Amino acid sequence: VSERGRRRREGEQRPRRERIGIGFRIGIGFRMPNKSKKEKEPNKPGKSPKSSGKDGGDNAEEVQQQPTANKRPSNSVPPQTQLNKIKYSGGPQIVKKERRQSSSRFNLAKNRELQKLPALKDAQSHEREELFVQKLRQCCVLFDFVSDPLSDLKYKEVKRAGLNEMVEYITHNRDVITEAIYPEAVIMFSINLFRTLPPSSNPTGAEFDPEEDEPTLEAAWPHLQLVYEFFLRFLECADFQPNVAKKYVDQKFVMSLLELFDSEDPRERDFLKTILHRIYGKFLGLRAYIRRQINNIFYRFIYETEHHNGIAELLEILGSIINGFALPLKEEHKMFLIRVLLPLHKVKSLSVYHPQLAYCVVQFLEKDSSLTEPVIVGLLKFWPKTHSPKEVMFLNELEEILDVIEPSEFVKVMEPLFRQLAKCVSSPHFQVAERALYYWNNEYIMSLISDNAARILPIMFPALYKNSKSHWNKTIHGLIYNALKLFMEMNQKLFDDCTQQYKAEKQKEKFKLKEREEIWQKIEHLAQHNPQFNTYVEPPAASSVLSMETETPTAEGVSAEDIQLLKKAVETEAVQETLLNTVDGYERRQENGDDRKNRSPMLE
């Protein structure tokens, strides 16, 4: 019995996930709540990863952006992915189920008997480099954590202690990363981490619920965690020289690193996110390649598989990268927005990575406001038709875009935009209608609406007025009354004009409906006076059926009654089609004022 079902039967409260991450490492932290553009105040910018040398050409991009005028520094960091759950002390005790674990396919070493080496701090200074290399090579030995987790416990502890010692050694000592260490460190990292990932065991796409479905954890994590920690400290060390390391940290290494982002273990993806960000900041020659390969992962995800575990983490890295793009934006970056970020909205598992995706889109618009129109048009193109939770996500993102939109760009998109908002206000799903009506609580959006009320109010008024009386949810009534009140205070004369126009349209609709009913009654009356009326209504005589039988022999097993019913059905269908064609023609002539000319013989 699943843990989810057990919780629901026992009435226990579902624990929520705690949003934590590595913001303290790469300047990626929480989003601030939405504020109006007038309320926004500059905050301190996030730290930028160190970069060796000046960027030129394709390298003229910093990993983090310096604060600029009229932008939103409060959102200068991408939103975090979810990792852990908050533990509640109160309430009924939840029996913790055993976490699902799997192991990737490692090539286990045949000789796994490790000898404990002397401590680095106790060795002579001229012997430390050789001892450091020996420890790195010793940590290349792989162990089994799944089929026999209790095997080689002594040697597993030797490797764990060695990794811990090397992490402390490079963290607290200077001049310890010599040229001989670079290839050994990269080889050790590659042997331990680059492997075939296990098949996915979680539901994919929209079926995956990060708050309910436990991630599948890597069984070998006790060693993998220390390997990741060592390599991260290795990259961040003050002695690290990218010019020396670039011989070993090459395109093949980056490609293998990107393949690991599909790991189901969120702890591993969290380390990978930080390490890839460090590599992007330090290895200028790899920046274009990294962006291109991330694009390829997105293309495959959108158009082929629709399943990848690391989309949120990759978007989080890109959010930080986009923040540092130099102006004016290159055509390559604009194409990335239109061809990659916008189509990512149509994938069914959007909820898993939407906060990071929305952040990337807003960063582009803060860089270049001329991209606002294609972005909003693209969002309207991919707007969900039948998936209400996804529609709420689109409304959230749209409000973030409107928070940074320029008034000149707003004028270009306001009509299609508010036509879609009118549909959302009319939605029978109260959360969609509620989220759309919350736009009227945003001061900056209301200032934009006020400046263009003459074009916006006629679009929104019918939906607001109709649902103020007909919507089933009382909360929506209150929000609609608030919106109508704001419109009324904005421009009383325009509001009265829209009211009169709406009532006139309603009267016109009633008149057209009544006229149509009268025409149908007239058609029915004329049809009843047609000499052939009884021929179509009454069933055919028995003689006709007998003559039909003689002319066309019946198939074996088909009775005369079946043939009679078939003939009646065919004749009835023909009459209905004739009447429909006649009515359509008659209505068109009524509209043209020519109801006497060329009258159909059927009407005569």
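The values are calculated or read from the model by the stated rules, or taken from the named source; none is laboratory data. Quick caveat: nothing in here was measured; it's all calculated off a predicted structure. No Cβ is skipped: glycine too gets one built from the backbone with ideal geometry, and neighbour counts run over all protein chains shown. The area values use the complete protein model at the heavy-atom level, side chains included, leaving out ligands, DNA and RNA. Shrake-Rupley method; radii C 1.70, N 1.55, O 1.52, S 1.80 Å.
Condition first: of a type in the set (A, V, I, L, M, F, W, C), in a helix (DSSP H, G or I) and either farther than 19 Å from Val352 by Cα or open to solvent by 20 Å² or more (accessible area, probe 1.4 Å) (or both). Now tell me which residues in the stretch 373-387 satisfy that. Show your work before the answer.
Step one: list which residues in the stretch 373-387 are of a type in the set (A, V, I, L, M, F, W, C), which gives 375-377, 379-380, 382-383.
This time we only want the ones that are in a helix (DSSP H, G or I), so: 375-377, 379-380.
Val375, Ile376, Val377, Leu380 - these are the residues of the stretch 373-387 that are of a type in the set (A, V, I, L, M, F, W, C), in a helix (DSSP H, G or I) and either farther than 19 Å from Val352 by Cα or open to solvent by 20 Å² or more (accessible area, probe 1.4 Å) (or both).
What single numbered condition from (1) within 17 Å of Ala185 (Cβ to Cβ); (2) in a loop (DSSP other than H, G, I, E, B) fails to hold for Phe271?
(2)
Considering only residues that are open to solvent by 10 Å² or more (accessible area, probe 1.4 Å) and either of a type in the set (A, V, I, L, M, F, W, C) or in contact (Cβ under 8 Å) with a residue 60 or more places away in the chain (or both), look in the stretch 358-372 and name the one that is nearest to Asp403 (Cα to Cα).
Quick first cut of the stretch 358-372, residues open to solvent by 10 Å² or more (accessible area, probe 1.4 Å) only: 366-371.
After this cut, where a residue has to be either of a type in the set (A, V, I, L, M, F, W, C) or in contact (Cβ under 8 Å) with a residue 60 or more places away in the chain (or both) as well, the list is 366, 371.
On the way: Glu366: 10, Leu371: 15 Å.
Top of the filtered list is Glu366.
Check Arg269, Arg300, Arg292 and return the single one that is closer than 14 Å to Tyr228 by Cα and open to solvent by 10 Å² or more (accessible area, probe 1.4 Å).
Details: Arg300 fails: closer than 14 Å to Tyr228 by Cα; Arg292 fails: closer than 14 Å to Tyr228 by Cα.
Step by step, each of Arg269, Arg300, Arg292 is checked, and only Arg269 is closer than 14 Å to Tyr228 by Cα and open to solvent by 10 Å² or more (accessible area, probe 1.4 Å).
Among the residues of the stretch 272-289, write down those that are of a type in the set (Gly, Ala, Ser) and open to solvent by less than 10 Å² (accessible area, probe 1.4 Å).
Step one: of the stretch 272-289, the residues of a type in the set (Gly, Ala, Ser) are 281, 285, 288.
The answer is Gly281, and nothing else.
What number of residues within the stretch 307-349 satisfy the criterion of being part of a helix (DSSP H, G or I), of a type in the set (A, V, I, L, M) and surrounded by fewer than 22 Cβ atoms within 10 Å (Cβ to Cβ)?
Going through the stretch 307-349, the residues part of a helix (DSSP H, G or I) turn out to be 311-323, 331-341, 343-346.
Narrowing further to those that are of a type in the set (A, V, I, L, M): 311-312, 314-315, 317-318, 321-322, 335, 337-338, 340-341, 344.
Filter once more, so that each one left must be surrounded by fewer than 22 Cβ atoms within 10 Å (Cβ to Cβ): 335, 338, 340-341, 344.
The total comes to 5.
Only one of (1) open to solvent by less than 50 Å² (accessible area, probe 1.4 Å); (2) touching an Asp or Glu at 6+ places or on another chain (Cβ under 8 Å); (3) of a type in the set (Lys, Arg) fails for Lys412. Which number is that?
(1)
Regarding the stretch 486-501, can at least one residue be identified that is closer than 22 Å to Leu398 by Cα and either surrounded by 11 or more Cβ atoms within 10 Å (Cβ to Cβ) or over 32 Å from the mean Cα position of the chain (by Cα) (or both)? It would help to see each step written out before you state the result.
First, the residues of the stretch 486-501 that are closer than 22 Å to Leu398 by Cα: 486-487.
Narrowing further to those that are either surrounded by 11 or more Cβ atoms within 10 Å (Cβ to Cβ) or over 32 Å from the mean Cα position of the chain (by Cα) (or both): 486-487.
Scanning the stretch 486-501, I find at least one residue that is closer than 22 Å to Leu398 by Cα and either surrounded by 11 or more Cβ atoms within 10 Å (Cβ to Cβ) or over 32 Å from the mean Cα position of the chain (by Cα) (or both), so the answer is yes.
So for the stretch 185-205 (the condition being in contact with a strand residue (DSSP E or B) (Cβ under 9 Å, 6 or more places away or on another chain), part of a helix (DSSP H, G or I), at pLDDT below 95 and surrounded by 15 or more Cβ atoms within 10 Å (Cβ to Cβ)), does at least one residue qualify? Break it down stepwise before answering.
Initial filter on the stretch 185-205 (in contact with a strand residue (DSSP E or B) (Cβ under 9 Å, 6 or more places away or on another chain)): 195-199, 201.
Those still in the list that are part of a helix (DSSP H, G or I) too: none.
Taking every residue of the stretch 185-205 in turn, none turns out to be in contact with a strand residue (DSSP E or B) (Cβ under 9 Å, 6 or more places away or on another chain), part of a helix (DSSP H, G or I), at pLDDT below 95 and surrounded by 15 or more Cβ atoms within 10 Å (Cβ to Cβ).
Quick one: is Val425 open to solvent by 20 Å² or more (accessible area, probe 1.4 Å) and either over 22 Å from Val347 (Cα atoms) or not hydroxyl-bearing (Ser, Thr, Tyr) (or both)?
On the way: open to solvent by 20 Å² or more (accessible area, probe 1.4 Å): no; either over 22 Å from Val347 (Cα atoms) or not hydroxyl-bearing (Ser, Thr, Tyr) (or both): yes.
No, not satisfied.
Please go through the stretch 136-175 and pick out each residue that is free of Cβ contacts under 8 Å to residues at least 60 places away in the same chain, in a helix (DSSP H, G or I), open to solvent by less than 70 Å² (accessible area, probe 1.4 Å) and out of contact with any Asp or Glu (no Cβ under 7 Å at 6 or more places or on another chain).
Once the filter is applied, which keeps residues that are free of Cβ contacts under 8 Å to residues at least 60 places away in the same chain, in a helix (DSSP H, G or I), open to solvent by less than 70 Å² (accessible area, probe 1.4 Å) and out of contact with any Asp or Glu (no Cβ under 7 Å at 6 or more places or on another chain), the stretch 136-175 yields Gln138, Val158, Ala161, Gly162, Glu165, Tyr169.
Tell me the helices (runs of 4 or more DSSP H) entirely within the stretch 388-442 that contain at least 3 residues that are in contact (Cβ under 8 Å) with a residue 60 or more places away in the chain. Show your work before the answer.
Working: elements: 388-404, 407-425, 430-437.
Answer list for the stretch 388-442: 388-404.
From the list Leu83, Leu163, Leu136, which one is hydrophobic (A, V, I, L, M, F, W, C), at pLDDT 65 or above and more than 17 Å from Ala220 (Cα to Cα)?
On the way: Leu83 fails: at pLDDT 65 or above; Leu163 fails: more than 17 Å from Ala220 (Cα to Cα).
Exactly one of Leu83, Leu163, Leu136 is hydrophobic (A, V, I, L, M, F, W, C), at pLDDT 65 or above and more than 17 Å from Ala220 (Cα to Cα), namely Leu136.
I need the full set of residues from the stretch 220-239 which are open to solvent by less than 10 Å² (accessible area, probe 1.4 Å) and either basic (Lys, Arg) or within 13 Å of Asp265 (Cα to Cα) (or both), in order please.
Ala220, Leu224
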